[in-house]
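This report concerns only the one structure given below.
The values are calculated or read from the model by the stated rules, or taken from the named source; none is laboratory data. The structure presented is a predicted model; accordingly, all values stated were derived computationally and were not measured. Cβ atoms come from the backbone with ideal geometry, glycine included; neighbour counts cover every protein chain shown. The protein model used for the area step is the full one, side chains on, heavy atoms only, and it has no ligands, DNA or RNA in it. Shrake-Rupley method; radii C 1.70, N 1.55, O 1.52, S 1.80 Å.
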Amino acid sequence: TTAATERAAGAPRKKMEVSSTDVAIEITKMNKWYGDFHVLKDIDLRVMRGERIVICGPSGSGKSTMIRCINRLEEHQQGSIVVDGIELTDDLKKIDEIRREVGMVFQHFNLFPHLTILENCTLAPIWVRKMPRKEAEDIAMHYLERVKIPEQAKKYPGQLSGGQQQRVAIARSLCMNPKIMLFDEPTSALDPEMIKEVLDVMVGLAEEGMTMLCVTHEMGFARQVANRVIFMDQGQIVEQNEPEPFFSNPQHERTKLFLSQIL
Ligand code: ADP
Ligand code: MG
């Protein structure tokens with residue numbers, strides 16, 4: 001029987017009941033190989049709408065590969081990945097649908113160097129969403145204001161600092177109105193003085209309720225905004241917890257070792 005019929009029959013409401021529509025991402029027994037190399041092993045991960053998850057772990061543990069699987073920049077071989085109710089398969093239409101919902105920000109900004117900041121932001125809305133140019137530009141300016149660089153709109157990426165470029169990359173993603181944002185070490189290529197300006201934008205997004213998966217070693221950010229911190233090692237999710245217990249009382253030796261090296 002479903003929960004609804006149980007309740008109709010007088011059964012008490014289950015305490016932790018969640019509707020399946022509250023699930024943003026559901027990864028089940030997912031495995032991936034690069035050739036013979038087993039890079040992701042039995043990954044199980046459910047992300048609820050509005051959840052903010054920080055993923056950490058040593059270099060080479062599979063963090064990037066895992067989040068790249070979520071918008072099919074990488075393909076998994078076993079198990080399932082369901083994003084916003086759509087299962088990722090070879091179906092190109094579904095892949096497009098998911099990519100429209102999921103924004104991604106990379107370590108190395110990946111802006112188009114020959115386009116202005118404004119053009120970087122309007123390209124996908126105009127060509128993918130078929131949005132009129134004027135509307136796309138209005139939306140782009142709105143998000144460039146939000147990341148506090150509207151005055152840079154006519155410049156080219158090479159004329160901006162790393163921190164400014166990363167904020168453009170975030171604004172560009174937001175122009176597509178994503179439901180989920182994936183961040184892969186967005187501050188690790190930045191000079192220290194620019195890290196905060198990017199983290200501030202991410203904190204703002206978190207406060208507005210964006211569903212976020214962030215690979216980052218910025219543990220201050222994790223403490224401030226994460227609902228959950230996930231530790232990966234050798235292709236597995238080794239441990240996950242709320243930030244406070246995760247940092248103060250890690251359970252596994254590998255987590256303790258990792259934290260002792262970065263904190
Ligand atoms: P992380 O982001 O945690 O540093 P990655 O997901 O980038 O880890 O990589 C996990 C492992 O997979 C590493 O051992 C890496 O060398 C390997 N790897 C990553 N991309 C490829 C690829 N395209 N082909 C083969 N091996 C890869
Ligand atoms: Mg990586």
When segment 147-158 is examined, which residues are found to be within 18 Å of residue 197 (Cα to Cα), touching a helix residue (DSSP H, G or I) at 6+ places or on another chain (Cβ under 8 Å) and surrounded by fewer than 17 Cβ atoms within 10 Å (Cβ to Cβ)? 148, 150
Given (1) at pLDDT 95 or above; (2) closer than 24 Å to residue 167 by Cα, identify the lone condition not met by residue 81. (2)
Filter segment 89-112 down to residues that are closer than 24 Å to residue 130 by Cβ and in a loop (DSSP other than H, G, I, E, B), then give me how many there are. 4
Considering only residues that are out of contact with any strand residue (DSSP E or B) (no Cβ under 7 Å at 6 or more places or on another chain) and under 16 Å from residue 107 (Cα atoms), look in segment 47-96 and name the one that is surrounded by the fewest Cβ atoms within 10 Å (Cβ to Cβ). 59
Any idea which of (1) at pLDDT below 95; (2) within 16 Å of ligand 1 (Cβ to nearest atom) is the one residue 233 doesn't satisfy? (1)
Quick one: is residue 141 modelled with pLDDT of 95 or more, outside any helix (DSSP H, G or I) and of a type in the set (A, V, I, L, M, F, W, C)? no
Out of all the residues in segment 25-64, which are more than 12 Å from ligand 1 (Cβ to nearest atom) and more than 19 Å from the chain's Cα centre (by Cα)? 29, 31, 42
Can you pull out the residues in segment 65-81 that are of a type outside the set (D, E, K, R) and near ligand 1 (Cβ under 9 Å from one of its atoms)? 65, 66, 67
Out of 211, 216, I need the residue that is buried (at least 18 other Cβ atoms within 10 Å of the Cβ), touching a residue at least 40 places away in the same chain (Cβ under 8 Å) and within 16 Å of ligand 2 (Cβ to nearest atom). Which one? 216
Could you please find all residues in segment 113-138 being open to solvent by 50 Å² or more (accessible area, probe 1.4 Å) and outside any loop (DSSP other than H, G, I, E, B)? 119, 123, 127, 133, 134, 135, 137, 138
Just to be sure I understand, how many residues within segment 226-238 are open to solvent by 10 Å² or more (accessible area, probe 1.4 Å) and closer than 24 Å to residue 199 by Cα? 3
Enumerated helices (runs of 4 or more DSSP H) restricted to segment 157-263, each holding at least 1 residues that are more than 28 Å from residue 119 (Cβ to Cβ): 192-207, 219-225, 243-248, 253-262
Hits in segment 34-46 - residues which are closer than 23 Å to residue 96 by Cα and open to solvent by 10 Å² or more (accessible area, probe 1.4 Å): 46
